[in-house]
1. Determine the relative contact order of the range 34-144: mean sequence separation of Cα pairs under 8 Å and six or more apart, normalised by residue count, in whole percent.
2. Which order, highest average first, do 44-51, 57-64 follow once you tally other Cβ atoms within 10 Å for each residue and take the mean per peptide?
3. Sort the following peptides by mean Cβ neighbour count (other Cβ atoms within 10 Å, averaged over residues), highest first: 81-92, 129-140, 29-40.
4. What net charge do the residues around Asp25 carry, taking every other residue with its C-beta under 13 Å from that of Asp25, with Lys and Arg at +1 and Asp and Glu at -1?
Amino acid sequence: MRNYALSTVPTITLVDHDPETGLLDLEDLKKKMTAEVAVFYYENPSFLGVIEHQGAAIAETVHGAGGVVAAGVDPISLGVLEAPARYGVDIACGDVQGLGIPMQCGGGQGGFIATQDEPTFFAEFNALMFGVTPTIVEGEYGFGEVFFERTSYASREKAKDFLGTMAQLHASAPVSTWR
């Protein structure tokens, strides 16, 4: 965290964990949560594989101090664990390489980010966004670009998006490596 955030985040405060269970120490979190804390980040499961089942209590503490909760999650674990939004996480992110993207030519890595369905969060994404919407046929859905006014097509110099090769890298890999 210190390496990635040092240039943009003035202070990083670490919260203790219980050495016996590996769970976050809620009392230490409560002591360290102040109005100065913008975001509290934790991983679930943790680096050591501990499943943090105190998510609702963590979110209540952080939100009570005016902060945002972010969690790094393993997407495969979400097949059996509760969705982060259900226990109060505002921003969830993780690595998707383990979902079957083959390594090739120094690439093959990717990540995901998901937020609560609020413009405060999703308006800051720097990519084109597509969403699901009902069509004129009842029960049928289609995909379309959403929140168009934040793109460079609509607002040029005030845009949040970056158009480049970021979304096309996996599509350009030779098909023979996808097996």
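Derivation of every value follows stated rules applied to the coordinates shown; laboratory data play no part. Model, not experiment: these values are computed from the prediction. Here Cβ is always computed from backbone atoms with ideal geometry, including for glycine, and neighbour counts include all displayed protein chains.
1. Numbers: 142 pairs, mean separation 19.9, N = 111.
This gives 18 percent for the range 34-144.
2. Numbers: 44-51: 13.8, 57-64: 18.1.
Top to bottom by mean Cβ count within 10 Å: 57-64, 44-51.
3. Numbers: 81-92: 18.0, 129-140: 9.4, 29-40: 14.5.
Ranking the peptides 81-92, 129-140, 29-40 by packing returns 81-92, 29-40, 129-140.
4. Numbers: positive: Lys30, Lys31, Lys32; negative: Asp16, Asp18, Glu20, Glu27, Asp28, Glu52.
Counting the neighbours of Asp25, the net charge comes to -3.
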